[in-house]
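Single-structure report; data block below.
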Amino acid sequence: MIFETRCAGCDKPGAAICTTCRFALLGPAPHDAAHGVIAAVAFTGRARNIVLGWKYRNRRSVSRHLAGLIVNRIIEERAQYDIDVVTWAPTSSKRRRERGFDQGELLARAVARQLGVPCRRLLDRDGSGSQTGRSRSERLTGPRFVARPGLDGARVLVVDDVVTTGSTLGAAAAALDDRGAVARLAAVASTPDRRRAEVLPLRRPAAHAA
Ligand SMILES: [Zn+2]
């Protein structure tokens, strides 16, 4: 079987994101910015399919495209000159093993390249990714992070794939704040209602997914 590029959003053979899906990503920014996150698109319809399909298909080109959407929003907000470094909120080591990569990291690297600033891993998950020994209520509040030292006064952009409640990015911002850094938060997509991205049904990947 020859490798065939298919659209991450609709499975059509051809481009990594087909023209129809590209247009679907050009809508206005989501209005719900209550959690203070710059989000490029609403996590619905084709945009949702693309973000979910990105796990299985055309990782590099889809990352580049989604990063471009974030960068466009940042430029609209005139925030591009207020960023010294880009980072991401690392996913749990279990999830990283399952996926084989960290979507946040791929995005952060692509956003940094497009903004012309460095990308650094500045955050670690508090508790080494293990949730055992934490109470249920602690687990429900989401992950916690520890920021690396030496960030006093640094202006840090933290990027993530989907923002739902904002608790992950909020925890990242709190950790950076503890080190004296100023955090800005951005995501590809934000859920319009508080459905959790993780429980939405996934299309199964085709066997030849690149
Ligand atoms: Zn498509």
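Descriptive notes on the structure:
- Between Val146 and Arg22, the modelled labels are 4.5 nm apart [label points 7 Å from Cα along Cα→Cβ].
- Segment Gln80-Arg121, length gained on full extension (0.36 nm per residue, minus Cα span): 12.8 nm
- Alpha carbon convex hull of the range 19-199, projected area averaged over orientations, nm²: 10.2 nm²
- Neighbour-count ranking [beta-carbon atoms within 10 angstrom, fewest first] of Lys94, Lys12: Lys94, Lys12
- Computed from the C-alpha gyration tensor, the three semi-axes of the ellipsoid equivalent to the range 61-119 are 23, 12, 9 Å, from longest to shortest.
- A simple charge model with +1 on the Cβ of Lys and Arg, -1 on the Cβ of Asp and Glu and nothing else charged puts the dipole of the range 19-199 at about 840 debye relative to its Cα centre.
A short reminder: the numbers here are calculations on the coordinates, not readings from a lab. Keep in mind it's a predicted model, so treat the numbers as computed, not measured. Cβ atoms come from the backbone with ideal geometry, glycine included; neighbour counts cover every protein chain shown.
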